[in-house]
Every structure is written in structure tokens, then in C-alpha cells.
Amino acid sequence: MKEVLQLIELDEIKDALVGTCGVSGISTEQRKRLTIAVELVSNPSIIFMDEPTIGLDARAAVVVMRVVKNIVSTKRTVVCTIHQPSIDIFEAFNEGIPGVSQIKENYNPATWMLEVTNPSVEAELEVDFAHLYKESHLYQDKDQDLFNIMGSVYVFTISIGASNLLSILPIVTSQRTIMYWEKFAGMYPSKAHSLAQVQSYPHIILLCILNM
């Protein structure tokens, strides 16, 4: 927890009350960082952020993106969308594409991005940006992280199914004596009782198959 607070730069206000947004407590920018900190507690390998700088002024947006860069420095993958970033935020992304000209000073980042990703630029450089990305280490790392996540989801689903199956066994054991009495009384056959005990099995198996 202490490491996360330092990473998100909230260690100085760790004892502050969150309060009500716009009324009391911490600022909007600090709330943004607090939201990111909550996600970091589970130590994810990939973090998806949808417009983390929305609703912030230029200074607060730079602070949030500095925190995002701190997260990247811990070998985590961060995927975020940013609309109309300022030049200060844009320069935080320091990896470029070989052959593509760097952004000029005081140039609009959004305009530059539209220009360099145009199909005519690919034709001029004789490169395929999609193929270039698939061969990069970023794609390989992301692919491995996604594979790990899917594996974790699969194991978690199987564990839930096994747990549900095991939870039925004590019930079957406790009702066995009652079933024998009612069977000998001719109330119902043993097959009907067995089917009633496993009626949730198809649902559990279907969930496991859908999440494979």
C-alpha cells in the first residue's frame, strides 16, 4: 500500500478524507489518481484508462500523466485514450516509429497524429504500421499479458465449478438416509432423486465452456 501511494504521489495526503466531489475533501485531480491507486492494489499487469485527463486543467492533466508514466516504469502495460492532448502530455510518450518525422515545436499533436498515420505516409515509407506493431516488443508483451489473464480467468472459472460440485456432496450425504426411506416407501425411484441433486450441473458446465 505504501509503495502504491508513493507511485501515485498521494503519500503526502494519505490520511486525508476523500469527501464530496466539488464540495470538500481532495481535489478532482487527486481523485483521479486515487481511482488509479485502487486499481493498482490488485497488482494488475495491464491497466486500461479511458480519458484519465478529462475534466482536468492543463496542470492537473500533466500531473495525472506523470503518474501514468510512473506506472509504466514498473513494467506494467498501460492502454489509455486521450482526446486532444496538450504538447506537454504528448511528449510524455517517448517511443516513435522509425521513419516517421517527429512532432514540430508548438505543433498541434492531434493534427500531427492524423498526418503521420495517413495511408499515404505508409505508402511513402513503404511500411505497414499494423505489421510493424505486430513485430514490436510492445505487441509481444501485450500478447503474453493477455494470455496470462485468459489463463487466470479459465482457472478461476474451473475453481468455481469445482467448488459448486463439492458443495453438493454434503447435501447428498445428509439426504441419503431420507432417500432410502422414501424409496422403500415407493414414493419415487432413486434415479429421480439423483437427477434432482445434479440439476445445476448443466449450468455450471455451460459457464465453464463459455469461458474457455
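The values are calculated or read from the model by the stated rules, or taken from the named source; none is laboratory data. What you are looking at is a predicted structure, and each value in this text was computed from that prediction instead of being measured. Positions of Cβ are backbone-derived with ideal geometry, glycine not excepted, and every protein chain shown enters the neighbour counts.
Remark: pairs (first residue in the stretch 2-13, of a type in the set (Lys, Arg) and part of a helix (DSSP H, G or I); second residue surrounded by fewer than 16 Cβ atoms within 10 Å (Cβ to Cβ) and at pLDDT below 75; Cβ separation under 8 Å; 6+ apart in sequence or on different chains) = Lys2/Asp11. Looking only at residues in the stretch 39-85 that are surrounded by fewer than 17 Cβ atoms within 10 Å (Cβ to Cβ) and among the polar types (S, T, N, Q), the one that is farthest from the chain's Cα centre (by Cα) is Gln84. Do the conditions hold for Lys183, that is, is it in the same structural domain as Ile205 (by TED's automatic domain parsing), more than 24 Å from Ile89 (Cα to Cα) and in contact with a His (Cβ under 8 Å, 6 or more places away or on another chain)? Answer is yes for this residue. Residues that are at pLDDT 75 or above, among the small types (Gly, Ala, Ser) and under 23 Å from Pro202 (Cα atoms) do occur in the stretch 163-170.
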